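First comes the structure, then the notes that go with it.
The values are calculated or read from the model by the stated rules, or taken from the named source; none is laboratory data. Everything numeric in this text was worked out from a predicted model, so none of it was measured. Cβ placement follows ideal geometry from the backbone for every residue including glycine, while neighbour counts extend to all protein chains displayed. Just so you know, the surface numbers come from the protein's heavy atoms only, side chains and all, with ligands and any DNA or RNA stripped out. Shrake-Rupley method; radii C 1.70, N 1.55, O 1.52, S 1.80 Å.
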Amino acid sequence: MTSPLLDPSRLSTPPVGAEAALREEVAQLRQEAERLRRLLETAAQVTWSTDPARDALAPISPSWTAFTGQTPEQMRNQGWLLALYPDDRAGALAAWERARAGTQPFATRYRLRRVDGAYVWMLARGMPVLGPDGSVHEWVGTCIDIQAQVLGEERATFLARASELFASSLDASATLASLANLSVSALADWCIVDVLHPDGHFERAQVVAADPSQAPLAATVQRLTPVPQERPVYPPAVALATGRSTLATEVTDAVMQSVAQDADHLETMRRVGIRSLLTVPLMARGHILGALSFLVTTSSRRYHDEDLRFAQELANLAGLAVDNARLLQGAREAIRLRDEFLSVASHELKTPLTPLSLKLQALSRAVKSHPDSPLVPVIEAHVETGHRQVRRLTELMNDLLDVSRISAGTFRLQREEVDVAEVVREVAATFAPRFVLEHCDFQVEAPESVRGCFDRVRLAQVLDHLLDNALKYGPGTPVSVRLVADGPVARLTVRDGGIGISPEQRPRLFERYGRAVSERHYGGLGLGLYLTRTIVEAEGGRVSLDSRLGEGATFMVELPLTRS
């Protein structure tokens, strides 16, 4: 008799309760697997797996097939690589082989061709599934769409590069040329830049095609200047007239017919072969400066709303750069006109000074011919005052003429063998009476001779400006001039005990029209120290200043006594 415990039927058949529990567990596992599959499909654009028994390099995935259009047969023997952008295939294959060789996680980025022909950036990741013996049973992985992320990175880099190019040029034409050439390298097959000038006329400033063989056609396109119309429909004309953007995702022949300005324009657009078009206005400070057009002619790319936003951001940068360049050009023109006016005015003002000086000399001679007249002292005093004022006006006019020569690039030195000590004594002698009138203790220290090759007149002008500066800002205080020869260098120092100069004001003192004090209190044109620096540097030397507010000022001029 067989024991119930050893009954084979009871050993092979599980209890009814255990069978139900097993079915429930399998159902839960299937439900969990379906849940995980749906989560994975939600997180990833494409999921894939491989079967090493058949072909380890062929992804087995309905989602891959749905996304790329590749059939399972086309995917075998590394056929899946053909769905990648050509430039990305080698890198993807190398990453895959490295992962398989070491059973390490697979990770790379590549552009995957969508079934409609467009390429989408994907982040591909894969993990090996190991069997009980530690060998790779299969690979499972995902391809996550990172197109927006990569596009954002590329556009941020592009805008940074564009900003650098715009900042490197202060010329509007150069800025627009940089913009056009930069755009065809990354955004378009063609780039067209139309400009609205301040006087109201339109100009097609730049036409650049990515294909150099299209240069003759680009020249034809450049001659098609957009014509302003009351109700424009041609996209560049719309942007120039109204400041509105135009986005044409698909440009058909009917679209070209609807916007063509004439038969020649239509024929040219057909020759270009526009497939997609984007036009945005160039604007700054609320003014329309031009229009920027991007054209797709050969690639499968099509412009959409995000491209429009990016193009407008680029146009805003370019518009600001062009506006700044125009403002700078206007400022330079204003300065040129001002310098031209100063030059003409200086000549015109010097004209009456010559006869006035002659009249004063004649009056001085007439007074000397009547030495017994009681009016002689009075008249001589007035004549001397007149002479001083004429000399002062002449010096001011000469300074203005020198500034205009410097601006025009015609400022020249006439060098000769010069005794610097002699020049210092001569200039100091002419200033001595003025220092006496201002009750200044004036001292001059110079060796017997310091010889060098300089422009004698300009050298005297340097000391004249420095002494005039000391007389103006240090009346009633000691003023000293000291000249020394230190090897190959002559050092000329002018020191006063006047109002001094604060540290923050020093850098601008040697600039044209630079001042450290109000012109209402001290007068002058603010040119003396500018001309001093210009002359000294032209002679190969340098000028420096040591001063503290309320403690006077010391100017030092260093000049080379020998020239290489």
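For this structure, a couple of remarks:
- Alpha-carbon Rg/Rh ratio, for the range 98-217, with Rh computed the Kirkwood way: 1.25
- Hull volume per residue, based on the alpha-carbon atoms of the range 415-506 and their convex hull, is 104 Å³.
- Seen from every direction in turn and averaged, the convex hull around the alpha carbons of the range 194-269 projects onto 5.7 nm².
- Within the accessible area of the range 403-482 (1.4 Å probe), percent carbon and sulfur: 50
- Working value for the range 275-344: equivalent-ellipsoid semi-axes of 39, 11, 7 Å, each the square root of 5 times a Cα gyration tensor eigenvalue, largest first.
- Highest mean packing comes first when the peptides 165-171, 459-465 are listed by Cβ atoms within 10 Å, giving 459-465, 165-171.
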